[in-house]
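A quick write-up on the structure given underneath.
The values are calculated or read from the model by the stated rules, or taken from the named source; none is laboratory data. Quick caveat: nothing in here was measured; it's all calculated off a predicted structure. Using ideal geometry, Cβ is built from the backbone for each residue, glycine included, and neighbour counts are taken over all protein chains shown.
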């Protein structure tokens, strides 16, 4: 029993140790994942370079989450937008690190160097780039170039005459140096130039004097050009007048010759016009005589025609009167015969004629064919008689 118990305790101890070991591994793994999470994020306007620490291979990762194997892979993020480096320590002539001109004077220049990471070369050079690219790489290279460039020029050249050239020289020297480390130089911008107060005052006086001298030179040149212009203008006016006079004289000669030549043709033309007008007057006189004869003949013909027309109208009127008389006579003969056959037509005609002046009274026709109003007249006489008789009755 003792041996069995010992064996059981030993087996339980082994199982417990295994569980404790597994739990420790899980805890350590969880702690490692907490301290070094397997997923990292590449932010906007960034590019990530994932490096395999064992093999040394690199791969580019875009914006978003990125999976990493803890202890085996690492991730570096680089900005894609342009960066600007300004050497502020050299912006003032009395600053901590001013530039030196070829005369040995201290000057301050405001510079802005715009650069960006070259995404095409980044996978190759990423493992060689320092942690802070701007501070550890760009600044030393820029400082080494710009100090050397400014020592080639005088203060006056830096201040006024050769600013663009200085910017171009700095860009040309910086570009290949930065490109070898995977950095693209966009441009170099040169701003205000700060001069020592004494030198600035003296330079302003010199510049003012030079400006006055240049202005005087420009004024003299302008005056000289004005004199030359006036001289040329006078010569041009003289030549123009001479040409105009010659042209006027030639024009008068040509006009006189033209008039002489024209008269040779005008005189025969005038004679022909006179002859034509005489012929036209004769033709017009003959036409007037012919027109007068024609008008007289026309009037005679019109008078004869008018007399003939009147005669024919008189004959027509006589014929019309005669024809109408015959028609009226025949109509009266027919009316008389009709009245003889129908005597009541006279009464009907009378009633039709007086229809708009009297009221229509219906009465029986007389028995003997007498006047239609006789019955009415008789009735009117009988009515008062009957009334008197009725009045006299008891």
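When restricted to residues that are in contact with a strand residue (DSSP E or B) (Cβ under 9 Å, 6 or more places away or on another chain), closer than 30 Å to residue 121 by Cβ and buried (at least 16 other Cβ atoms within 10 Å of the Cβ), the stretch 178-205 contains 7.
Any residue that is surrounded by 11 or more Cβ atoms within 10 Å (Cβ to Cβ), modelled with pLDDT of 70 or more and over 22 Å from residue 116 (Cβ atoms) - is there at least one of those in the stretch 80-89? Checking the stretch 80-89: at least one residue is surrounded by 11 or more Cβ atoms within 10 Å (Cβ to Cβ), modelled with pLDDT of 70 or more and over 22 Å from residue 116 (Cβ atoms).
Go through 251, 246, 280 for me and flag whichever is over 60 Å from the mean Cα position of the chain (by Cα), at negative phi and in a helix (DSSP H, G or I). Spell out how you get there, then give the answer.
Numbers: 251 fails: over 60 Å from the mean Cα position of the chain (by Cα); 246 fails: over 60 Å from the mean Cα position of the chain (by Cα).
Of the residues listed, the single one that is over 60 Å from the mean Cα position of the chain (by Cα), at negative phi and in a helix (DSSP H, G or I) is 280.
Please verify whether residue 339 is in contact with a helix residue (DSSP H, G or I) (Cβ under 9 Å, 6 or more places away or on another chain) and either part of a helix (DSSP H, G or I) or at pLDDT 70 or above (or both), treating the condition exactly as stated. Against the criterion (in contact with a helix residue (DSSP H, G or I) (Cβ under 9 Å, 6 or more places away or on another chain) and either part of a helix (DSSP H, G or I) or at pLDDT 70 or above (or both)), residue 339 qualifies.
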